[in-house]
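A quick write-up on the structure given underneath.
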Amino acid sequence: MRTSIKQILIVYKKDNGKAHGLGNEIFDWLKEHALDCFLACSGQNYKDFFQNPGIVLVLGGDGTILEVARYFTGTGTIILGINFGRVGFLASAEPDNWKEILKKALERPEDARKCLALEWQLHGKNCSQKGFAINDLVVSHGKVARLVNLELNIDDNNLGCLRSDGVIFFSPLGSSGYNYSAGGPIIHPASVVLGMTPVCPFMSSSASLVFPAKTTFSVKMEKNSPDCYLTVDGQENWQLQYGDVLYVRGQTNAVRLWGNDQKYISHLARF
């Protein structure tokens, strides 16, 4: 088997015995083919193994794939998910066909699809953070079910104050998640756009907005809002305060996923 891939990292979901077992099996198979590889569990510092591996095999559900993909955003590393979850939107293989899919990825890594991610920056009184999201960014109230007051801007255009339970910024890959549940549209994953969907806007017909990837959305926390949080891909969160500003824009070709659109479309039949 010929491949241009030099280094392969295998990441299995922590505390999942079946994923760990398959990870060991794949590790042995790769070693038999004289390929440089490491086996790690999710949540580790992956750069302890390789700086930028050619492929990362992720054995877990969509949550584990999101965590690993976010870590390698912008590096050119290919993410190949083997599904150990319920839906497996982001996975391209199952535990019973991993060898066939992995061979294709090793022989033709150039066929990996390139997807948009969300690049975000948070400028606040008590914190300044930045990063990427693969699926979505959510600004919402905390424990108290009160409306959030957000000043919304698109590039240099002010759209006024949005009063709602929150707002979702989503990528095409993430459009079928929380955005869809909130009434937003499903966007084909190859689209080069980003979107915004208000969550239960108050006395308003505010609808979802879909704009070119280069667009910059921003929301500023206004007065009389309850405790609010920014949540990244449903996994990381930061508390927001009055005056904090979140900037969001699309980062094209930021994520390389192995798979094809046919599998994604077949998943839509479950909706």
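The values are calculated or read from the model by the stated rules, or taken from the named source; none is laboratory data. All of these numbers come straight from a predicted model, not from anything done at the bench. Note that each Cβ is placed from the backbone with ideal geometry, even for glycine, and that neighbours are counted across all protein chains shown. Ligands, DNA and RNA are stripped out before the accessible areas are found, and what is left, the full protein with its side chains, is counted by its heavy atoms. Shrake-Rupley method; radii C 1.70, N 1.55, O 1.52, S 1.80 Å.
Structural remarks
- Relative to the 2.2 N^0.38 Å rule of thumb, the chain has a C-alpha radius of gyration ratio of 1.06.
- Partners for Lys220 among lysines (Cα-Cα distance below 26 Å; same-chain residues under 8 apart left out): Lys125, Lys130, Lys143
- Distance distribution note for the range 122-194: the fraction of Cα pairs above 14 angstrom is 69%.
- Percent accessible area from carbon and sulfur atoms, the chain, protein chains only, probe 1.4 Å: 47
- Nearest-0.05 FRET efficiency for Gln239 and Lys103, computed from C-beta distance (R0 35 Å): 0.15
- Cα-based helix-to-principal-axis angle, 62-71 vs the chain, degrees rounded to 10: 90
- At full extension, His33 and Asp48 could sit 3.1 nm farther apart than now, given 0.36 nm per residue minus the alpha carbon distance.
- In plain terms, the bigger the Kirkwood radius, the slower the diffusion; for the range 4-81, with that radius from Cα pairs, at 4 °C and 1.567 mPa s, Stokes-Einstein puts D at 105 µm²/s.
- Environment charge at Lys214 (Cβ cut-off 15 Å; Lys +1, Arg +1, Asp -1, Glu -1): -2
- Overall Cα dimensions of the range 78-145 - principal axes, largest extent first, Å: 50, 28, 15
- For the range 28-120, a crude dipole built from +1 on the beta carbon of Lys and Arg and -1 on the beta carbon of Asp and Glu, taken about the Cα centre, is about 160 debye to the nearest 20.
- Charge tally for Trp120 (other residues, Cβ to Cβ under 13 Å; Lys, Arg +1; Asp, Glu -1): -2.
- Taking one quarter of the surface of the C-alpha convex hull of the range 65-206 gives a mean projected area of 11.0 nm².
- Most to least packed among 66-73, 18-25, 90-97 [average Cβ atoms within 10 Å]: 66-73, 90-97, 18-25
- The distance from the alpha carbon centre of the range 102-148 to that of the range 51-78 is 13 Å, rounded to a whole number.
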